[in-house]
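So the structure is just underneath, and the comments pick up after that.
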Amino acid sequence: MPSARTVLPILIGAAIGAGGILRGLHREAANQRGDQSDLLNQLRIAREENDLLARENEALRSLAQGGGEFAVPQEFLDRAEREFSLKFQSNPVVHRIATEELSDRIAASYESRYGPAGMDDRQEAYSLIGWLGPDDRLLGQFSAINSLGAIAWFDEESGDGWVTDRFDIENIPNQAALFRVLVRILLNQNFAPPPAYPGDDQDRAREALHEGSAAAAEMRYFSDMARSIGFMKMNENPEAAAFFESLSPFMRGLVRFPESEGRGYAEALYQAGNDKLQNVLRNPPLTTAEIFAKQVGGITPNVMSLPDLPEEPFLSETAGRLGLKLWLDALEDEKAANEISSHWLGDAYQLFPDGEVSAAVVWDVRMDSQDAADKLMASGLILVASARENDQPVTAGELVLTGQRRYLALIRKSEDQVRFINVATKESAERLMN
């Protein structure tokens, strides 16, 4: 079988030839008064063949060159600039990619964002804190939920957009998805991410602002187009919906956050005027607590000082109000999780070596009152108790030995501060409980 590079010139020549036939048929139709219906039928067939060859040519060019670029219609760029009173700083780049390759592209972007071992360290830390279950795979699930049935995707790391080979510019929901990506590119060019990674909670807050703005713009575009032609449904993806429901509460909440909370936050700013929205884009929220509270500024997270450890930690991060809420979501009481987490003031956790081959985690959370810390302790103790082999309740400061030979505890460090530990050795447990 000839290679893509060999077949590509053949198809280009065939496409040019089909175009010549098409032009010839047009001339013949103009000069002859014979059977015009037969000529029109030949014209239609030639046009369809020419379109087919053009699509095949584009697909083979993508294979031969490792991906092609999609030519974005100018009216999409004009609308994005008009809606946000901004200009593209450079021509937006949108690549076309095979659907089956998108998942790998997304995985590579996440690994680049978090740096060497960043995803692996988070996988371990999230599992020890209790956000991920034994079968959850952070990178794989992130990649799958973003790629299943996807038509268009924005790459935060490169600042480029991607459309799959299933993308059809004539399809209005596809147009709306493309517009969403273009808005992400526009905002990214004008309000670039900080040069150094700011930490998970701050990064999630910025992502919610940018993705929320783009999601709101997508809905405005879709609504405008739907009104122009009558009722129309957005694209539905049963496979992605079923996969989403199979995720842990943490993964569902993390994936949903930019849409569920970020879109409302961004839309309120957009309705208040582009000056206000651009000011927030220029000075993005420092924490997910601002996104939840629909508040601009005024929430500065407490800087938490974690205990001295005998060895350098693998990872030091903050979970934010979002992380605390998603931890409590495991109790399947969303109202209580929202209410308790709304009193979050600051947190920090560390993943560190413990024993010869194990790792451990310590997580400190500060609340805004003793009463809020009491409620966090009560809910947290239920979560700790669920990890032990029997169904006996757990008390504050009690060391629980799990079936996996891990030591867990929830400790009251001060009137407003709670500490969670999951360690491999009793020595680490005793040190962190003091």
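All of the numbers you see were taken from the coordinates with simple rules; none came from a lab. What you see is a predicted model, and the numbers here were worked out from it, not measured in a lab. Cβ sites come from the backbone with ideal geometry, for glycine too, and all protein chains shown count toward neighbours.
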Report the paramagnetic label zone for Q189: residues of segment 97-120 whose backbone N is under 14 Å from a point 7 Å from Cα along the Cα-to-Cβ axis. none
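So how do 204-217, 76-89, 333-346 stack up, highest first, on mean other-Cβ count within 10 Å? All intermediate terms of the calculation are to be shown ahead of the outcome.
Details: 204-217: 24.4, 76-89: 15.6, 333-346: 17.9.
Output ranking for 204-217, 76-89, 333-346: 204-217, 333-346, 76-89.
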1/(1 + (r/R0)^6) with r = Cβ-Cβ of R282 and E427, R0 = 56 Å, i.e. FRET efficiency to nearest 0.05, evaluates to 0.70
Quick one: Kirkwood hydrodynamic radius for segment 73-165, alpha-carbon pairs, angstrom, one decimal? 15.2
Using the Karplus curve 6.51 cos²θ - 1.76 cosθ + 1.60 with θ = phi - 60°, work out ³J(HN,Hα) for each residue of segment 134-144 in order, rounded to whole Hz, and write x for Gly and Pro. x, 9, 7, 10, 4, 5, x, 6, 4, 5, 5
If you add up the charges near L399, with Lys and Arg at +1 and Asp and Glu at -1, over every other residue whose beta carbon is less than 11 angstrom from its beta carbon, what do you get? +1
What are the ³J(HN,Hα) values, in whole Hz, obtained from phi via the Karplus relation 6.51 cos²θ - 1.76 cosθ + 1.60 with θ = phi - 60°, for each residue of segment 247-263 in sequence order, with x given for Gly and Pro? 6, 5, x, 4, 5, 4, x, 5, 5, 7, 3, x, 7, 6, 10, x, 5
Surrounding charge for A319, neighbours by C-beta under 10 angstrom, Lys/Arg +1, Asp/Glu -1, total -1
Sequence ranges 182-188, 259-265, 166-172, ranked by mean other-Cβ count within 10 angstrom, highest first: 182-188, 259-265, 166-172
Quick one: which residues, 5+ away or cross-chain, put their amide H under 5 Å from the amide H of A359? H built at 1.01 Å from N. D354
Over segment 306-432, how many percent of alpha carbon pairs lie in each 5 Å bin up to the one with the longest distance? 2, 11, 21, 23, 21, 14, 6, 1, 0
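Using the structure shown, list the pairs from K335/K426; K294/K413; K335/K375; K325/K426; K276/K335; K335/K413 with a Cα-Cα distance above 24 Å, or answer none. Can you show the working numbers first?
On the way: K335/K426 36 Å; K294/K413 30 Å; K335/K375 13 Å; K325/K426 29 Å; K276/K335 31 Å; K335/K413 26 Å.
Exceeds cut-off: K335/K426; K294/K413; K325/K426; K276/K335; K335/K413.
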For the pair D391/D224, report the inter-label distance in nm, with labels modelled 7 Å from Cα in the Cβ direction. 5.8
